[in-house]
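Derivation of every value follows stated rules applied to the coordinates shown; laboratory data play no part. None of these values were measured; they are calculated from a predicted model. Neighbour counts are summed over all protein chains in view; Cβ atoms, including those assigned to glycine, are modelled from backbone coordinates with ideal geometry.
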Amino acid sequence: MDLLLTIFLLLICLLISNVVSHYIPFIPTALIQVALGIILVLVYQDISFEIETEWFLLLFIAPLLFNDGRHFPREELWQMKGPILGNAIILVLLTTIVGGYFIHWLIDEIPLAAAFALAAILSPTDPVAVNGIAQRIRIPQKVLSLVRGESLINDASGLVAFNYAVTAVVTGYFSLSEAVLDFSYKFFAGGLLGLLLGLLIIGIRLVLRKQGINDVTFHTLLQIMTPFLIFIVTEDILHASGVIAVVVAGIVHSLVREQTETFIAEEQVATENIWTIILFVLNGIVFLLLGLNIPTSMSGVLENPNSSLWLIFSYVVAIGLMILGIRFVWAYLFSVYEYRFGKMEEAAKPSLKLTLYVSLTGVRGTVTMVGVLSLPFLLDTGEAFPNRSLILFLAAGTILFTLIVATILLPLLSKGQLSEGKEELKMDLEEARRRILLDSIKKIKSEITEENEAAAYELMDEYKLRFQQIQPEEDAAEQANKKYQRKMREVRLQALKLERKYIQELHRKKDLTGEVYEAFESSLDRREEVIADTTRSTFLYLQGKLIRAWRRFRGQNLKEEETRLVEFQEGREIQLHALQAALQGLEKTAGKYKPKKIVDAVISDYKQMISRLKKPEALYDEKYELQKEELRVIVMDMGRSEIYQMYAAGDITREQSKELRRFINYIESVTLHEHGE
């Protein structure tokens, strides 16, 4: 299958995985992507994604590790430097050596050097996979900080160890003294080159700005290209470690950005948005490729008459338990050492529960998969790489094993976590966002005047939509269940019944012409059908939206609106009175509807319809947009004040307050942005 079509299918699967993840959030997105990769290869049996080892490292490892460096957790790394460096260096070496011997003992057909390569590439942890689980449950902040901090370094150390082991397999030669010298050169030269090249690119950007070249798109593209340029120069020209170089360059960019971000805010926003897309695509494609390779590697393994499905699955479980077991033992022994002899302030007392957290959050992921997919197919002698299919399957299986174990056990382990310490009493980030949105809605209500009523209600709708998107799962489930929806329909139908009663009363008194009465009856029938929520009503609604949008585009809508207002001025007044009658009826009987938020939502809708009907021209004039913008600015100022109050009260951490301010700034940038060529 053509490479372009393969990439297109992978991107489609990537989008599908996020949609599926929205409906089944208890399953990590990574597992869904693996499943989609397996389905894809079963449907399109000729699909493949094979590129050379160097290209694989350049396309995936360089940007991923550079981004890790850009988000260098300086404070966390300094405060927890002992555990982080211990996990990132010593634990990687232990996992490589102990794991290598264990894998060779367990599967003697895998050469010792290849076993070391597999153990080395299984040593880096993946904080992205852990973050997906942490969004649903409360994991101690120190554990998350440890995983994020160590991943910055263990990705590099694990890949360096992996590359040495692979070189030993390919060439058939290994000398410890030469390896130490070569490692020292690659490590220190890679770090120095990363520092120098990172500073050089930053210097070029500063010089260009002084020359008046301040184009945001240009500087954003230059920063995106930085890891690729540094990796190529370091690896291919100077033969040092490109992995170390891109990490150091990322850290340099992080430190410089802290000094200049207020001066180049627009560039920072654009760059962060593009990096978000790049990382989403790269991480997702890696797990899709994992799924693509599982059936192929499994079939390659099963060609061996001595292998069976249960046997290779038992290998995966044994290696997965060995990897987690080494991490568990190391974490417990190191916590005992830190508690008794360490210099770290507030060192936690050793406990099995905390140690389990540390070991289970050691999920393997993107770097492991990228590394194992970069294994060469041939040795220098021209022979096939020994048991490449088996090694690939064992790596993929171990990634899945650690993901599944963490997905099942971490939620069980986190039960009752709230009562265990001060750290967990901090407000959840999503909870803080919901609080700001609710306060924003209240602020808009308090600012409503007769003049800005229509704009205020529409802005409230926007904030309500944002609130619904991040509301707790239990609230979303409640609103999605049939009982809730049935009660909502009952209230809306009752309101519609009050409107119809008012119209029919006027008709009996002969206060309505036949034409206007028929128009009202037809309108009420259509609205009743929409409330009934049938497939036909959905189609009619979408059809109406498209027709109205087309008419606005052709400039017909305003003319037709004016015609209708002239012909049916009487009808507009009657509709306004009908809506007011329904609103009064709902407010009188509001107490009998449970839960109260259902009738409140319907009352809010009717107030908005009344406001729009009083001033229909407000929907299209500049004054309306100006009113809406002024209200939004007031609400954003209130949001910033609320964030400060939450931070001052100790409800949120400093990092959470920064994230919430970014949330407010994003809304503000969308509001104030005007497209320019």
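Long-range amide H contacts for MET80: which residues qualify at under 5 Å (H placed 1.01 Å from N, peptide plane, sequence gap of 5 or more or a different chain)?
Distant-sequence amide H within range of MET80: zero hits.
Which links in LYS443/LYS501; LYS81/LYS186; LYS501/LYS628; LYS445/LYS596; LYS142/LYS442 stretch past 27 Å when you go from one Cα to the other? The partial results should precede the final answer.
Details: LYS443/LYS501 35 Å; LYS81/LYS186 23 Å; LYS501/LYS628 35 Å; LYS445/LYS596 18 Å; LYS142/LYS442 36 Å.
In this structure, LYS443/LYS501; LYS501/LYS628; LYS142/LYS442 lie more than 27 Å apart at Cα.
Provide VAL256, VAL180, VAL247 in ascending order of the number of other Cβ atoms located within 10 Å of each residue's Cβ, fewest first.
Values: VAL256 16, VAL180 10, VAL247 26.
Listed from fewest to most nearby Cβ atoms, that is VAL180, VAL256, VAL247.
Non-local amide H neighbours of VAL363 (under 5 Å, H modeled in plane, Pro and chain starts lacking H): which ones?
Placed amide hydrogens put ASP126 under 5 Å from VAL363.
Along the range 27-42, what does the Karplus equation 6.51 cos²θ - 1.76 cosθ + 1.60 (θ = phi - 60°) give for ³J(HN,Hα), rounded to whole Hz, x for Gly and Pro?
My calculation for the range 27-42 gives 9, x, 4, 4, 5, 5, 5, 4, 4, 5, x, 5, 4, 4, 6, 6 Hz in order.
List, in order, the whole-Hz ³J(HN,Hα) value for each residue of the range 322-327 obtained from phi through the Karplus relation with A = 6.51, B = -1.76, C = 1.60 and θ = phi - 60°; use x for Gly and Pro.
In residue order, the calculated couplings are 5, 4, 5, x, 4, 5 Hz.
Compute the distance in nm between two label points, each set 7 Å from the Cα along the Cα-to-Cβ direction, one at TYR644 and one at ASP46.
Distance between the two pseudo-spin positions: 6.5 nm.
Under the Karplus relation 6.51 cos²θ - 1.76 cosθ + 1.60, θ = phi - 60°, what is the ordered set of whole-Hz ³J(HN,Hα) values for the range 272-283, x standing for Gly and Pro?
Along the range 272-283, the couplings run 4, 5, 5, 4, 4, 5, 4, 5, 4, 5, 5, 4 Hz.
Could you sort the peptides 271-278, 365-372 by per-residue average Cβ neighbour count (10 Å cutoff), highest mean leading? Display every interim value, and only then the final one.
Values: 271-278: 14.0, 365-372: 26.4.
Order by mean packing, descending: 365-372, 271-278.
For GLU430 and LYS509, FRET efficiency with R0 = 60 Å and r from the beta-carbon atoms, rounded to 0.05? List each step's numbers first, then the result.
On the way: r = 54 Å, r/R0 = 0.90.
With R0 = 60 Å, the Cβ-Cβ based efficiency is 0.65.
Take peptides 8-20, 385-397 and line them up by average Cβ neighbours within 10 Å, highest first, as a rough protection proxy.
Details: 8-20: 15.5, 385-397: 21.9.
Sorting 8-20, 385-397 by mean packing, highest first, produces 385-397, 8-20.
Write down the radius of gyration of the range 3-425 and its Dmax, each obtained from C-alpha positions, in Å.
Radius of gyration, then largest Cα-Cα span, for the range 3-425: 21.4, 69 Å.
List every residue whose amide H lies under 5 Å from the amide H of PHE385, counting only residues 5 or more places away in sequence or on a different chain, with H placed 1.01 Å from N in the peptide plane.
HN-HN under 5 Å from PHE385: LEU378, LEU379.
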